[in-house]
Amino acid sequence: MKSLLARLKRFESVRAVEESNRPLKIEFAHLKLLPREYTGSRHIVSVSKRPDGRCNYEERPGGAPPNQSRVNDENVMTVFFVRAQETGNEIR
């Protein structure tokens, strides 16, 4: 049942984008994570923009400041690239 609901939600999202006059925009960004040991609240901030147009983001400790809010644009999807966390175990 859960998979059916997930598929229905995806279908509805695709229809909403297709019916709008604005195309879906996909942004790619690099994200630097806080250490794995950190357990408190966290938020994401933009730190720089690369010459190729990709943005660099970082996780920061604590909740987001009240004046920091991302633009709520339903037609923009951000895909974050992160580096694999060091675990101390060898990858085989």
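Does segment 1-52 hold any residues that are of a type in the set (Val, Ile, Thr) and modelled with pLDDT of 85 or more, and which are they?
Of everything in segment 1-52, those that are of a type in the set (Val, Ile, Thr) and modelled with pLDDT of 85 or more turn out to be THR39, ILE44, VAL45, VAL47.
Name the single residue that is surrounded by the most Cβ atoms within 10 Å (Cβ to Cβ) among those in segment 31-53 being in contact with a Gly (Cβ under 8 Å, 6 or more places away or on another chain) and part of a strand (DSSP E or B). If we take residues in segment 31-53 being in contact with a Gly (Cβ under 8 Å, 6 or more places away or on another chain) and part of a strand (DSSP E or B), then ARG42 is surrounded by the most Cβ atoms within 10 Å (Cβ to Cβ).
The values are calculated or read from the model by the stated rules, or taken from the named source; none is laboratory data. Since the model is a prediction, treat every value here as computed from it, not as a measurement. Note that each Cβ is placed from the backbone with ideal geometry, even for glycine, and that neighbours are counted across all protein chains shown.
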